[in-house]
Amino acid sequence: MKRHFPTETVSVNKNGTGSSRREFLFATLGLTLTGVVASLPGRAFAASVVSGSDAVKQFVSLSQAITEHKHLDTVLAARFFAAFSQRDAQFAPRLTQLALLLQPGMSAQQLLAKADSAGLHDFLYQIVTAWYTGTVGDDYHGTLVAYKQALMYQTVSDGLVVPTYCGNGPIWWTAPVPEERNGLIDSL
């Protein structure tokens, strides 16, 4: 008794995994496009929060005055504002009180003196501390808002890197290779 087995057809464009290279590339392209499209509403939402909220604009202008950094990231400011607002229900009213003390051309020291007389000294220091440390709150339940973007690393960025497990900082491989300065290597 002879057994007959059905013959199998082998597709030339299949690689043994059940898919072709072309199908793999289309699937990869589809996933990439889905990721890009999914990230757009988040950025648009953050931009709308920054542009649409007077309180966030107030927070940005106050932050610029008290840190004396004129180019603060507005999306990061919106995140700080949200973290402060979630943590403290009285944050927005106290921010308005502090904003009323701010006058054009006022230095951070002058604003601190006015805030001290208005009883907002600690409140002002909470905002400064948040910008420099990247965290809102000083207890175990604090909220991390920024790490690499914290101002404490920007002020020393010309000589120190952001501390991480890697000696050259986070995503160090994306930075261009530094140029040799004045034959420093030859002098060694």
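Ranked by accessible surface with a 1.4 Å probe, highest first, in what order do MET152, MET106 come? Walk me through the numbers before you get to the answer.
Working: MET152 75, MET106 35 Å².
Per-residue accessible area, sorted high to low, gives MET152, MET106.
Given the protein chains as shown and a 1.4 Å probe, how many square angstrom of VAL156 are accessible, to the nearest 10?
60 Å²
What is the extension gain from GLU68 to SER20, computed as 0.36 nm multiplied by their sequence separation minus the C-alpha to C-alpha distance, in nm to one decimal? Working shown, then result.
Working: separation 48, 0.36 × 48 = 17.28 nm, distance 5.79 nm.
Result for the pair: 11.5 nm of gain on full extension.
For the stretch 69-123, compute the orientation-averaged projected area of the C-alpha convex hull (one quarter of its surface), in nm². Show your work: numbers first, answer last.
Working: hull surface 16.7 nm².
Mean shadow area of the hull around the Cα atoms is 4.2 nm².
Could you compute how much accessible surface THR143 exposes when probed at 1.4 Å, giving the result in Å² to the nearest 10?
In the full protein context, THR143 sits at about 60 Å².
Using a 7 Å offset from the Cα along the Cα-to-Cβ direction at both GLN86 and VAL128, what is the distance between the two label points in nm, to one decimal?
Label-label distance for GLN86 and VAL128, simple model: 2.7 nm.
Cut-off 16 Å, label point 7 angstrom out along Cα-to-Cβ of SER53: give me the residues of the stretch 104-127 whose amide nitrogen falls inside.
127, by backbone N distance to the label point.
Between LEU160 and THR143, what is the spin-label point distance in nm, taking each point 7 Å from the Cα along the Cα→C-beta axis?
In this crude label model, LEU160 to THR143 measures out at 2.7 nm.
At a 1.4 Å probe radius, which order do SER85, SER63 fall into by accessible area, largest first?
Numbers: SER85 45, SER63 0 Å².
The ordering from most to least exposed comes out as SER85, SER63.
At a probe radius of 1.4 Å, what is the per-residue accessible area of TRP131, in Å² to the nearest 10?
0 Å²
The values are calculated or read from the model by the stated rules, or taken from the named source; none is laboratory data. From a predicted model like this one, the values you see are computed outputs, not experimental measurements. Note that each Cβ is placed from the backbone with ideal geometry, even for glycine, and that neighbours are counted across all protein chains shown. Accessible surface is based on the protein model in full, side chains and every heavy atom, while ligands, DNA and RNA are left aside. Shrake-Rupley method; radii C 1.70, N 1.55, O 1.52, S 1.80 Å.
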